[in-house]
């Protein structure tokens, strides 16, 4: 496109247009001089035509530039430019008439040279007016462009270009070819003149102004056209620049489009309020749908909604009532209505309409008759979010049956849009809250991971490995080891009932209790009694903990074991080449919360051999289920351990977890925390 | 998935548990027991014939009522548990605190004995 900064194209074109015009005046005066004195001036009429075409061309460039610069201006400003040029041109023409009227039949008054200079001035103004108005029309025609309209316009421009050079073919005679060309151009102009889509976008006031401006343009072009014709008829011996197809066709185009626009604008006046209304509705709708994006809150959405509904239905007054259950507050809930009147109308509506309640299931917009001295009809709009009524809007009119179907449907759309906005707003807030909650959970997860030991205490005489996984971010499984002295080691595993956050908190308490008691060097049964007493004080009534404890004596190759409701430990005995679950009675911790618990827990000491394995686990492993609903169960674990007993604890542990996952498969589930601790006794040094 | 059906035979309230009790629906079980306890009962039986699974949260519900039952003199028994579910009660040691019997007639007979 044109770069106005680098080259002042507009000014250069203007300068060129003026220079060419001067040259045209000079050439024509010389030619007239020749004609009057019957001398051959040596200048053929083609020179005049070429200069004329060049003049048109540069005027075209000037206005092209002007319109490029003002392409964002509104219609009225642009039309006003056309009007002002027309007024100048017509004014110049009338002034010339006036001067000649004053001069009368004096010598100057009949001087052909002076007359020609005036004629050239008028010609220049007329051309400027026509070309600028043509540009204006182009802008309006192409306001809502599609391919067809652009094509039409291009055809028109090309035919006008042809008309420009028509003079060489026609030699300025008014013959049939001229008429033929004119008819074609007028037909194209009239076809173009139906593109009037800019008019509906004017509001009522703008339409009136447009009518005035169009009228002025029509008058100006009428005056100028009359003068062109008058000159053509009046002067015989002159050079005729204006009996040119280009000029006449432009007149036709300017006049036709001006007339069409004028009439259509005029007939659009009565319905313009409807279009304005629709436009307002569209804007309101957009406002509602965008209201949440602009960080507006729910009150503002409801505020916009109330205004939109009122303007869509021409209501006289309205109010919005929130469901008392809602948290939000509205500052401005009444429009053109005072509290007592609102109360009176509300009670009238209630008499008329029994479904008038927030718990009513009605989601329909209802038009209601009102028996009030002033107000005669009401429209009840429930705003429904998630099947519960958020609020209701009541629109009131002074006329009976004041709400038609179209109003109700557009208001329904507004209401739905507003509800969606409010709902989105709530969902967004929820999502943010959720996000924060997730962050907190991640922290909890990290803290909880730290509660499990990284390093497990053990001597060279046994190997140990442990693994724990949670169903949710945090869980309730726990394991730990403790070295009492050179030959005594304690291994413990615990499981809080339930899973998730509550289990995780109890797990932390369990660790505290276990770590304290473990220091005391208690025997397993005694340890469980103390643990039960301590945990009974801090567990919720419906929560309990199960635990297994092993006190391993590496000097005597024995372990002393107590079980508090925990899944029995699997013991692989190397010399028997088989495994069994150690069955020993024991009640979970926190179930009996009094000293009678001591009757429910027992301990027993067992001898172990090198090569023996202890597999401590939580119920999550046994209760892992496949898609048929079968549990992993005791037997699968037992068989697996018997088959793989030669593996080292970490490998065996991995083997168990892998086969659990394989068993559960993609469609099964492990819906619980699960943990595993493997101890393998090795050959004494 | 858990469905609880309540029936009453003479002075005996029976809660029939159908499905599985886990952390998500143990509240239902809790509510049902609560209702029965508040209406006043002397003998509460749990029919576990169609109980497929019970998680520790479900066990926690029974456990939390044990003191309540003994304070109010309510006799409580569970019957008809399948092996797998029975094992869960046994491992936790609840079989020592709750009367777990094979069938309803045993449960009712045991009441008359005492």
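The values are calculated or read from the model by the stated rules, or taken from the named source; none is laboratory data. Small disclaimer: the values here were computed from a predicted structure and weren't measured. Please note: Cβ atoms are built from the backbone with ideal geometry, for glycine as well, and neighbour counts cover all protein chains shown.
Taken over the stretch A:466-484, the criterion of being outside any strand (DSSP E or B) and over 17 Å from residue A:515 (Cβ atoms) is satisfied by A:470, A:471, A:472, A:473, A:474, A:475. Across the stretch A:651-672, a minimum of one residue is classified as within 20 Å of residue A:547 (Cα to Cα) and assigned to a helix (DSSP H, G or I).
Checked against the criterion of being within 60 Å of the chain's Cα centre (by Cα), within 14 Å of chain B (Cβ to nearest Cβ) and at pLDDT 95 or above, the candidates A:618, A:569 yield just one match: A:569. Filtering the stretch A:630-643 to residues that are out of contact with any strand residue (DSSP E or B) (no Cβ under 8 Å at 6 or more places or on another chain) and either without any contact (Cβ under 8 Å) to a residue 12 or more places away in the chain or surrounded by 22 or more Cβ atoms within 10 Å (Cβ to Cβ) (or both) leaves A:630, A:633, A:635, A:639, A:643.
Remark: residue A:395 matches the filter, which requires a residue to be touching a helix residue (DSSP H, G or I) at 6+ places or on another chain (Cβ under 9 Å) and modelled with pLDDT of 90 or more. Residue count for the stretch A:533-560 under the criterion of being assigned to a strand (DSSP E or B) and under 19 Å from residue A:520 (Cα atoms): the result is 9.
The combined condition, being over 56 Å from the mean Cα position of the chain (by Cα) and buried (at least 20 other Cβ atoms within 10 Å of the Cβ), is fulfilled by residue A:119.
Among the conditions (1) at pLDDT below 85; (2) in a loop (DSSP other than H, G, I, E, B), residue A:389 misses just one, which is (2). Quick check: anything in the stretch A:97-117 at pLDDT below 90, assigned to a helix (DSSP H, G or I) and closer than 23 Å to residue A:249 by Cβ? No; the residues of the stretch A:97-117 include none that is at pLDDT below 90, assigned to a helix (DSSP H, G or I) and closer than 23 Å to residue A:249 by Cβ.
Could you check the stretch A:581-595 and list, in sequence order, the residues that are part of a loop (DSSP other than H, G, I, E, B) and facing chain B (nearest Cβ under 9 Å)?
A:585, A:587, A:588, A:590, A:591, A:592, A:593
The number of residues in the stretch A:598-615 being within 14 Å of another protein chain (Cβ to nearest Cβ), surrounded by 15 or more Cβ atoms within 10 Å (Cβ to Cβ) and either out of contact with any strand residue (DSSP E or B) (no Cβ under 8 Å at 6 or more places or on another chain) or not in a helix (DSSP H, G or I) (or both) comes to 3. In summary, residue A:327 fulfils each of the numbered conditions (1) outside any helix (DSSP H, G or I); (2) closer than 24 Å to residue A:406 by Cβ with the single exception of condition (2). None of A:512, A:521 is within 23 Å of residue A:450 (Cα to Cα), more than 14 Å from every other protein chain (Cβ to nearest Cβ) and surrounded by fewer than 18 Cβ atoms within 10 Å (Cβ to Cβ) except A:512.
Checking the stated criteria, residue B:80 turns out not to satisfy the condition of being away from every other protein chain (no Cβ under 12 Å), surrounded by fewer than 18 Cβ atoms within 10 Å (Cβ to Cβ) and on the phi > 0 side of the Ramachandran plot. Annotation: residue A:549 fulfils all but one of (1) out of contact with any strand residue (DSSP E or B) (no Cβ under 7 Å at 6 or more places or on another chain); (2) more than 14 Å from every other protein chain (Cβ to nearest Cβ); the unmet one is (1). Of the residues making up the stretch B:33-45, none is in contact with a helix residue (DSSP H, G or I) (Cβ under 7 Å, 6 or more places away or on another chain), within 14 Å of another protein chain (Cβ to nearest Cβ), at pLDDT below 90 and under 29 Å from residue A:620 (Cβ atoms). Condition check for residue B:103 on (1) modelled with pLDDT under 90; (2) buried (at least 17 other Cβ atoms within 10 Å of the Cβ); (3) away from chain A (no Cβ under 14 Å): one failure, at (2).
Residue B:68 falls short on exactly one of the conditions (1) more than 14 Å from chain A (Cβ to nearest Cβ); (2) surrounded by fewer than 17 Cβ atoms within 10 Å (Cβ to Cβ); (3) touching a helix residue (DSSP H, G or I) at 6+ places or on another chain (Cβ under 8 Å), and that condition is (1). Within the stretch A:487-502, if we keep just the residues that are at pLDDT 90 or above and out of contact with any helix residue (DSSP H, G or I) (no Cβ under 8 Å at 6 or more places or on another chain), the residue that is nearest to the other protein chains (Cβ to nearest Cβ) turns out to be A:493. For the stretch B:1-32, filtering for residues that are buried (at least 17 other Cβ atoms within 10 Å of the Cβ) and more than 14 Å from every other protein chain (Cβ to nearest Cβ) leaves 9.
In this structure, residue A:563 does not qualify as within 14 Å of chain B (Cβ to nearest Cβ) and in a loop (DSSP other than H, G, I, E, B). The single condition among (1) assigned to a helix (DSSP H, G or I); (2) crowded, with 18+ Cβ neighbours inside 10 Å that residue A:195 does not meet is (1). Taking the stretch A:529-546, which residues are more than 11 Å from every other protein chain (Cβ to nearest Cβ) and crowded, with 19+ Cβ neighbours inside 10 Å? Once the filter is applied, which keeps residues that are more than 11 Å from every other protein chain (Cβ to nearest Cβ) and crowded, with 19+ Cβ neighbours inside 10 Å, the stretch A:529-546 yields A:529, A:531, A:532, A:534, A:535. Taking (1) buried (at least 21 other Cβ atoms within 10 Å of the Cβ); (2) within 21 Å of residue A:625 (Cβ to Cβ); (3) under 12 Å from the mean Cα position of the chain (by Cα) in turn, residue B:49 satisfies each apart from (1). Please verify whether the stretch A:589-599 includes one or more residues that are under 29 Å from residue A:683 (Cβ atoms) and touching a residue at least 40 places away in the same chain (Cβ under 8 Å). So far as the stretch A:589-599 goes, no, none of its residues is under 29 Å from residue A:683 (Cβ atoms) and touching a residue at least 40 places away in the same chain (Cβ under 8 Å). On inspection, residue A:658 passes the criterion of being loosely packed, with under 15 Cβ neighbours inside 10 Å and away from chain B (no Cβ under 14 Å).
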